[in-house]
Amino acid sequence: MVTIQRMPRDAVFRAIADPTRRQILSLLRGGRQTVGEIAGNFRTSRPAISKHLRVLRSAGLVKTRRDGTARLCHLNATPLRTVDEWLRDYRMFWRETMRSLKPYVEEEW
């Protein structure tokens, strides 16, 4: 069962590891866009952007549908929950660090 859950999580992490793909996700937070509109925001070629979109689609982060000759893309943020779940285990360390820092900062001021 761990392997089944791990594969989608690994795909999401692979997808968001690339800064261009993260920027595409940010663009899609503003609403649906065609592949051409997305590509217009980058200096790279449209085929390169299409490859990035394929990675995002395979991770489930982007959904597409045909609208005439255009392909409309929209964000599906649900798979990002796996990132949040993975980070949950580390939040206790951050909280402890902040608790330790608080007396130090208060003492200095």
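The values are calculated or read from the model by the stated rules, or taken from the named source; none is laboratory data. In this text, all values refer to a predicted model and were calculated from it rather than measured experimentally. FYI the Cβ positions are ideal-geometry reconstructions off the backbone, even for glycines, and counts take in every protein chain you see. We work out accessible area using only protein heavy atoms, side chains counted, and drop any ligands, DNA or RNA first. Shrake-Rupley method; radii C 1.70, N 1.55, O 1.52, S 1.80 Å.
Identify, from the list Leu101, Leu56, the residue that is hydrophobic (A, V, I, L, M, F, W, C) and either at pLDDT 95 or above or part of a strand (DSSP E or B) (or both).
Unique residue meeting the criteria: Leu56.
Within the range 15-40, restricting attention to residues that are of a type in the set (D, E, K, R) and either modelled with pLDDT under 95 or part of a helix (DSSP H, G or I) (or both), which residue is least open to solvent (accessible area, probe 1.4 Å)?
Once the filter is applied, the top-ranked residue is Arg21.
All but one of (1) at pLDDT 90 or above; (2) out of contact with any helix residue (DSSP H, G or I) (no Cβ under 7 Å at 6 or more places or on another chain); (3) in a helix (DSSP H, G or I) hold for Arg66; which doesn't?
For Arg66, the exception is condition (3).
Could you tell me which of the residues Thr44, Thr82, Thr64 is open to solvent by less than 70 Å² (accessible area, probe 1.4 Å), under 23 Å from Phe13 (Cβ atoms), over 17 Å from the mean Cα position of the chain (by Cα) and of a type in the set (S, T, N, Q)?
Testing whether each residue is open to solvent by less than 70 Å² (accessible area, probe 1.4 Å), under 23 Å from Phe13 (Cβ atoms), over 17 Å from the mean Cα position of the chain (by Cα) and of a type in the set (S, T, N, Q) leaves just Thr44.
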